[in-house]
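Chemist: Structure below; questions to follow.
The values are calculated or read from the model by the stated rules, or taken from the named source; none is laboratory data. Just so it is clear, the model here is predicted, and its values are computed rather than measured. With ideal geometry, Cβ positions are generated from the backbone for all residues, glycine too; neighbour counts draw on all protein chains shown.
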Amino acid sequence: MPRILIIGAGGQIGSELTYRLRDLYGSENIVASDIGYHNTHIVNSGLFEIVDAQDYASIKICIEKHNIDTVYLLAAMLSATGEKYPMKAWDLNMNSLFHVLNLAKDGFIKQIFWPSSIAVFGPTTPVLNTPQHTVTEPTTVYGITKQVGERWCEYYHNKYGVDVRSLRYPGIISWKTMPGGGTTDYAVEIYHKAVLDKQYECFLSENTKLPMMFMNDAIEATVKLMQAPSESVKIRSSYNLAAISFTPKEISEAIQKHIPDFKITYEPDFRQDIANSWPKTIDDSSARTDWNWSHNYSLEKMTEEMITQLRHKYK
Ligand code: AKB
């Protein structure tokens, strides 16, 4: 059994990875960690430690205490918040990655998962069916950290044999834990507002198409990549990963099939420029070929599940 530390376990993806990995490998083998106790469900439902992702010693002490061999590094500042605090985003996103890569290089851990993002792409990238290998000239600080991080992951793999694996996540949609500070967050907020208020003011314009994915697919992709034999993982920077692409108008129409009087209005803000710099659809054929990735959730299936779960949550 792997002995896993999840850094950033209180966040949107970290929390769901924690639940899934506990199911898969047993709670006793999974240590959730975060900078604070804000996600009380994660804190109280299994092993939990306070770990500061920017502090090498804090991570190392936890790894040694729990005999950890695998780290999932989910702590990061996302695209929208990163534009408000550029240096903080740089420091958090890069320092945490270097700490974990160096712990692997120095033999303290054996395997790393580190998420990259569609934010590595920029305005000069082909927007349709964006290839795995293409121009990456990101215009956000977050995108820069992910693009540079990918280069470092590949470097540590080639130079030091570090088993680091990564996915370029699209916008991830889920109902358990809210996302924080991303440009794709609207696609989560819209479901909450639809169920609670039957209306939503969207911070992107109606025809802004972006790559998205339901959380269950994102978690399965992550687990599949981490379980793949090493020789199947041919890309050590980060894999393109895709499921569905839609616009705010299309998601609102999908919601209206369940909530006919739901209304959406549009008030684009600074996040519109970020969205405009990202692809609309992604070619993830390398992931599909190398380790058999396939997605399960369409916009319709995801919408049905989101609304059912949120109606139950807000009952
Ligand atoms: C964001 O919007 O910043 C993230 C991402 C696409 O990486 N959800």
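Chemist: Condition test on I63, is it within 15 Å of P179 (Cα to Cα) and either in contact with a Gly (Cβ under 7 Å, 6 or more places away or on another chain) or not in a loop (DSSP other than H, G, I, E, B) (or both)?
Modeler: no
Chemist: Does I244 satisfy being crowded, with 20+ Cβ neighbours inside 10 Å and over 14 Å from the mean Cα position of the chain (by Cα)?
Modeler: yes
Chemist: I'm trying to understand the selection: among the residues of region 51-75, which are of a type in the set (A, V, I, L, M) and under 21 Å from the mean Cα position of the chain (by Cα)?
Modeler: Once the filter is applied, which keeps residues that are of a type in the set (A, V, I, L, M) and under 21 Å from the mean Cα position of the chain (by Cα), region 51-75 yields V51, A53, I59, V71, L73, L74, A75.
Chemist: Further question on the same structure: Among the residues of region 101-117, is there at least one that is charged (D, E, K, R), free of Cβ contacts under 8 Å to residues at least 40 places away in the same chain and surrounded by fewer than 20 Cβ atoms within 10 Å (Cβ to Cβ)?
Modeler: Checked against the condition, which is being charged (D, E, K, R), free of Cβ contacts under 8 Å to residues at least 40 places away in the same chain and surrounded by fewer than 20 Cβ atoms within 10 Å (Cβ to Cβ), region 101-117 yields at least one hit.
Chemist: If you don't mind, another one. If I filter region 142-157 down to residues being under 16 Å from the mean Cα position of the chain (by Cα) and of a type in the set (D, E, K, R), which single residue comes out as nearest to the ligand (Cβ to nearest atom)?
Modeler: Residue satisfying both the conditions and the ranking: K146.
Chemist: Which one is surrounded by the most Cβ atoms within 10 Å (Cβ to Cβ) among residues in region 1-11 that are touching a helix residue (DSSP H, G or I) at 6+ places or on another chain (Cβ under 8 Å) and not in a strand (DSSP E or B)?
Modeler: That would be A9.
Chemist: Scanning region 132-141 for residues that are polar (S, T, N, Q), closer than 22 Å to A80 by Cα and touching a residue at least 60 places away in the same chain (Cβ under 8 Å), which turns out nearest to the ligand (Cβ to nearest atom)?
Modeler: Per the stated criteria, the residue is T140.
Yes or no, residue by residue, for (1) out of contact with any helix residue (DSSP H, G or I) (no Cβ under 7 Å at 6 or more places or on another chain); (2) within 21 Å of Y314 (Cα to Cα); (3) at pLDDT 95 or above; (4) outside any helix (DSSP H, G or I):
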{"position": "T183", "(1), (2), (3), (4)": "no, no, yes, yes"}
{"position": "Y191", "(1), (2), (3), (4)": "no, yes, yes, no"}
{"position": "E201", "(1), (2), (3), (4)": "yes, yes, yes, yes"}
{"position": "S205", "(1), (2), (3), (4)": "no, no, yes, yes"}
{"position": "A218", "(1), (2), (3), (4)": "no, no, yes, no"}
{"position": "K224", "(1), (2), (3), (4)": "no, no, yes, no"}
{"position": "I235", "(1), (2), (3), (4)": "no, no, yes, yes"}
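Chemist: Kindly provide the set of residues from region 19-41 that are in contact with a Phe, Trp or Tyr (Cβ under 9 Å, 6 or more places away or on another chain) and of a type in the set (S, T, Y), ordered by number.
Modeler: S33, Y37
Chemist: If I go through region 36-60 residue by residue, how many of them are aliphatic (A, V, I, L, M) and either in a helix (DSSP H, G or I) or within 12 Å of I109 (Cα to Cα) (or both)?
Modeler: Result for region 36-60: 4.
Chemist: How do the pairs read when you match residues in region 181-209 that are on the phi > 0 side of the Ramachandran plot with residues anywhere that are surrounded by 19 or more Cβ atoms within 10 Å (Cβ to Cβ) and among the small types (G, A, S), using Cβ under 6 Å and keeping only pairs 6 or more apart or on different chains?
Modeler: If the second residue must be surrounded by 19 or more Cβ atoms within 10 Å (Cβ to Cβ) and among the small types (G, A, S), the pairs left are G181/A80.
Chemist: Please specify each residue of region 114-131 satisfying the condition of being away from the ligand (no atom under 15 Å from the Cβ) and within 19 Å of the chain's Cα centre (by Cα).
Modeler: Result: no residue meets the conditions.
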